[in-house]
Structures are given as C-alpha cells and as structure tokens.
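Below is one structure, written out as structure tokens, with a few remarks after it.
The values are calculated or read from the model by the stated rules, or taken from the named source; none is laboratory data. Since this is a predicted model, take the numbers as computed values, not measurements. Heads up, the Cβs are rebuilt from the backbone with ideal geometry, glycines too, and the neighbour counts pull from every protein chain shown.
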C-alpha cells in the first residue's frame, strides 16, 4: 500500500476489569483501512466487532478501556487524545451508524434540528446555510420530497427512511471514515439492499472509507473490498473479499463460509462448526479456535499463531501455508 | 388539538361533579351540624327552627340540587363556626397558601432539577454520593421535624428569620401578598424550604434516574458519535427526554403541596387554608370542609390538564396520538 491508510490499528487491546479479573475482549488486533475502501468485519456475536468500532471512535462504555496498541487516523494517533479533542474527531472525521435506526434519532427533535445541530457543531456555517446543507444531504440519501420531510419528527419516518436520515447525519460533516455497525440488521429484508447500496454510493461520492460491521456475509460479498474475520477478540483472517469468501484459509473462516447456504451447491446439510465461541473468561491458551478446530495439533494449544501474509491476505493459523489444515 | 383539549376539559368536569357529590355526602354523614353551632342550653324548638332555616329538613335531592347550584356559583354557604361566608374565609387565606406553595415549588424545581442532572451525569462522583445520602434524609424526615429543626437553627439560635406568621403583607384588594415586603419574604423562606424539601429530593431522584435511563439510549450514543458537545447532549438531548415523567410527578406534587400544606402551616402558624382546614375538622365545620375538598379537587384537575397540555408541547409523538396527524 503506497498511500497512507486512513485508519491504521496496531495491536489494539480492549479489556474490561471485573471483580474476577480482567477480561480481554479485543486481543492484539491489527488492520488498515485505505482511503475510500470498504472493510467488512464479520464474526459471531461477541467476537468483538462492535467493540472494535467503539474503541476506534472513542466511545467504549466504561469500565471497558483500551489497554494497549494504537489507533492512527491519517497517521495521527487518536487513541490517547483528550476527551475534547476526541469529540472534535467524532462526527467531523469519523462518522458512525448504529444498528437500530428506530432508536438512533432523538424522538423529540425534528430531523432538521438534528442535522443542523450536527453540521453547526463541526462547521462554521450559519443557520441558514446549515439548513440548506441539511436539505442537500436529505436529497442525497434519497428521502422523497425532502423539503417537506426536513421538519418532520423521526417517528414520522419508516425504518428504512430513518436509516437514510442516520446516514445523512453520519455524513453531515464529511468524515473520512464511517463506522457502520450492523446498519441493516434491524431493517426489513426488502430495504436492506437499498440501504447498503445507498451507503456504498454516498460514501464513494464523499470519498469516505467504511468499516462495515455485520454478520451478513451476503452484504460483505457484495459491498466490501476487503474483509476481516474476527473470532474471540482476534482477527482470524483478513484479505480481499474475493479471496476470503471464495478461498478462506483459516479453519474458522472456512467454517463460516461453509455455513452460508447457496443456490449453486445442493448440499443436503449446511456445514456447521461444532461447539460455541468461548466466553471471554475462558479463552483457551494458544489459538482461541483450537477446541473447535478439526485440524488442531499440539502447537495450537501452546502458542498463539501470529498472522502470516499469504498473497494479499493475512491468516492467523499455523497451517495457513498448507491451506489451513484440511 | 382542540378536540383533545375539549375532551380533557369534559373529563375534568366529570371528576369535579363526582367530588361535589362526595362533598355533599359529608353534610349527611359527619355529625349533626346543629350541635356544633349552638350551645347546650338551646332549646329543641330553637334547634328545629335553625334546622329549617338552614334547609336541613328538605328532601335529600333538593339539598343536593341546592348544593350543586350554589357550588357552581362558588357559594358554599356560611361557616358553622365563624358565621362568615365560606368563600370569604377561603379567599382570604388562599393567597397565603398559594404563595407558600409557589415558593416551595420554585425552590424544589430550581434546586432539584440541576441536582438530578448533576447526579445523573456524574453518578460515581463523591459529590453525587453526598447529595444522594442527604436526599435520603430529606425523604425520610417528617415535614414537621424539618420545620422545627429549621426554626430552632435559623429563628432561635441564629435569629435570622422569623419563626411564625407571614410577616408584613401588602393588600392588593383581592389578594394579600407577602412577596412585596422584606419582612414578608423573610417569613416565607423557612416554611417554603420546609414544604419544598421533600419535593426537592423527590424531583432530584426522579430526574437522576430518568437521566441514567436516557443516557443509556441509542440516540444519546449516536449524539456522542456525532461529536456533539456534552452540554448539548446532557441538557438538550437527555434532559428534554426526561421531561415527560418529570412533568407528571411535578404536576401531582404541586397539587399536593397546595392541598396538604397543612402540616407546614401548623408548624409555622402560617395563616393559610391548611390552618383553616384543621380548625374546620376540629369543629366539624362541614361547609368549609366541603368547599376545601372541591377546591383541592379543582386544583388537581387543573394541574393535570396543564400537564396533559405540556406533554403535547414536549413530545411530538403525543400530538399524533391526539389526532392531529402531521
């Protein structure tokens, strides 16, 4: 990568101190997002996808905290910034979209008020200009009759329309990076595709990179340039979406892809991975996936595999070179 | 919107009629008023004459009709004890109670809301814990004890403030106010604190718990992710969302402050309706009790009406429910 990545995460660790000891929820993950790139982040619930997003934008819920590593935005470290400096980055340089559009908007304020408030927090526009910009944003995210809808309240919009408003809000101050945390999970299947297409379109137009957190592999396959597969707070495999989806190397990634039904193959049963992801207080030594892995051998139980580069991908498996076991 | 108001007014009227029926029943079942009015040495013939003069021998339905008709014209008859029109007695004392209740409410709101917001935001801070501890005292100490403690401290020991009465009042013709003289204001301080302290702690605790609730919501998270200032988040987005339950409670509490200032008025010998009511109870002075009952009901009903209207102003979602679909 010749150009400097817009986001660079190195050895990030997030932990939760509890009475029974410190739980490591994110354990030394590293990845980059290039300018304008869409990075998909997939994994089971509890794998640490959302926490990674929250850590990047500086909104970890206490007592969760960043315990190590660094996060750089456009080369500049942001994980240790003071509160107020970090606030200026949120919304202005990193936008965020949450899962549930029904609850992301304040029910007591008009859409226009929420947009103008965000725009004026981060720019010098006066009230009239900010309103014009709010209108332009609503038009851009495809709200029909935006002049009339601008002063409506959130409850007067449908779920899909609200998520469009949320996208407009996230884009309001032209951030370089958008973290979309399961932006379509709470939506009707019929509007999911529209929202994803819209997100991709407007982010391209605004030259914003996207970190797309989801567990919908279909969305990833269609939208992402690269994909990171997370398991138990670690990245199992990261690489170009084509490689990871079509030729996964990490046994967990293989299991994940094998569990997706397709029309092409008429397998009688979907493949499934035996067992469940370990809880944070019971992550095994060595490779976190070793108790469920079919190709496990001694070393996996002693030593944590570091990511190794294979083609354009990085895979955290001792057998990655050999094709990840079987 | 108009339909909404009319419906609420109609409901209010029904409540008042029901209360009027109850008030009327007082006349029938609480002792024999003649015994209260005359001495032991009055002959039976004279008693009967008085009974006839007061219309107590008429059929029940006639008495009820007369009572309702008179009540509609704010005529509640003559006090058995004071031999004065009840409305005159109550009208003369209402300003004292009203001013006391208003000062107590202003005190409770002006201190209680900021305190609730502060302890809601900084829930772990030492100051918050201190406030919460102190507020427990405010909730658990009985009003008369607080009054007596305040009198002991500020009137007896420090001699800063008077311990009883209204101080100097100014007669505006229809309204005797203590708000226009220094002595009147000073006399108001201790009773207002005594009466408002419980409400203050109640409001502070309510606002706090509502704030804690609201601060966990997605739209607050999203507001943070948009980089809004803490001020805008706490006072704009969060506090406004706590208002609906807070207004409900405050409305009810203001009603009860006016209605049940009895204890405080007794402790401070405050010449208000509470004292009048106490003496009416002691003397079975039914016209005063009936009028007081209706007055209190009218106050509660009016406040509830105002609260309903405030909901509509605060929460746009209720506007739609009210029939004014946007």
Elements of type strands (runs of 3 or more DSSP E) in region A:33-109, at least 3 residues being more than 14 Å from chain B (Cβ to nearest Cβ) and within 11 Å of the chain's Cα centre (by Cα): A:38-42
Picked from region B:186-212 (must be farther than 20 Å from residue B:252 by Cβ and surrounded by fewer than 22 Cβ atoms within 10 Å (Cβ to Cβ)), the residue nearest to the other protein chains (Cβ to nearest Cβ) is B:212
Within region B:117-126, which residues are loosely packed, with under 14 Cβ neighbours inside 10 Å and either within 18 Å of residue B:215 (Cβ to Cβ) or modelled with pLDDT under 85 (or both)? B:122, B:124, B:125
Mind listing whichever residues of region B:170-229 are in contact (Cβ under 8 Å) with a residue 40 or more places away in the chain and over 29 Å from the mean Cα position of the chain (by Cα)? B:215
Going by the structure shown, is residue B:85 under 24 Å from the mean Cα position of the chain (by Cα) and surrounded by 15 or more Cβ atoms within 10 Å (Cβ to Cβ)? yes
With the checklist (1) part of a loop (DSSP other than H, G, I, E, B); (2) crowded, with 20+ Cβ neighbours inside 10 Å; (3) within 14 Å of chain B (Cβ to nearest Cβ) in hand, flag the one item residue A:116 doesn't pass. (1)
Please state which of the following conditions residue A:147 fails to meet, knowing it meets all the rest: (1) part of a helix (DSSP H, G or I); (2) buried (at least 16 other Cβ atoms within 10 Å of the Cβ); (3) away from chain B (no Cβ under 14 Å); (4) in contact with a helix residue (DSSP H, G or I) (Cβ under 7 Å, 6 or more places away or on another chain). (2)
Collect the residues in region A:25-36 that are surrounded by 20 or more Cβ atoms within 10 Å (Cβ to Cβ) and out of contact with any helix residue (DSSP H, G or I) (no Cβ under 6 Å at 6 or more places or on another chain), keeping them in residue-number order. A:27, A:29, A:31, A:33
Selection within region B:231-278 - free of Cβ contacts under 8 Å to residues at least 40 places away in the same chain, surrounded by fewer than 23 Cβ atoms within 10 Å (Cβ to Cβ) and within 9 Å of another protein chain (Cβ to nearest Cβ): B:232, B:236
For residue B:128, all conditions in the list (1) within 30 Å of residue A:63 (Cβ to Cβ); (2) in contact (Cβ under 8 Å) with a residue 40 or more places away in the chain; (3) part of a helix (DSSP H, G or I) hold save one; what is the number of the exception? (2)
Quick check on residue A:228: is it under 16 Å from residue A:39 (Cα atoms), buried (at least 18 other Cβ atoms within 10 Å of the Cβ) and out of contact with any helix residue (DSSP H, G or I) (no Cβ under 8 Å at 6 or more places or on another chain)? yes
Is there a residue being in contact (Cβ under 8 Å) with a residue 24 or more places away in the chain and touching a strand residue (DSSP E or B) at 6+ places or on another chain (Cβ under 7 Å) anywhere in region A:289-304? yes
With respect to residue B:161, is the statement that it is under 28 Å from residue B:204 (Cα atoms), over 21 Å from the mean Cα position of the chain (by Cα) and outside any loop (DSSP other than H, G, I, E, B) true? no
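Here's the yes/no breakdown for (1) under 30 Å from residue A:273 (Cα atoms); (2) touching a strand residue (DSSP E or B) at 6+ places or on another chain (Cβ under 8 Å):
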| site | (1), (2) |
| --- | --- |
| A:23 | yes, yes |
| A:36 | no, yes |
| A:46 | yes, no |
| A:51 | yes, yes |
| A:68 | no, yes |
| A:106 | no, no |
| A:114 | no, no |
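Sort out which residues of region A:162-208 are away from chain B (no Cβ under 14 Å) and assigned to a loop (DSSP other than H, G, I, E, B), and write them in order of number.
Here is the first cut: in region A:162-208, the residues away from chain B (no Cβ under 14 Å) are A:164, A:184, A:187-208.
Of everything in region A:162-208, those that are away from chain B (no Cβ under 14 Å) and assigned to a loop (DSSP other than H, G, I, E, B) turn out to be A:184, A:187, A:188, A:206, A:207, A:208.
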One residue is enough: does region A:171-194 have a residue meeting the conditions surrounded by fewer than 20 Cβ atoms within 10 Å (Cβ to Cβ) and closer than 19 Å to residue A:106 by Cβ? yes
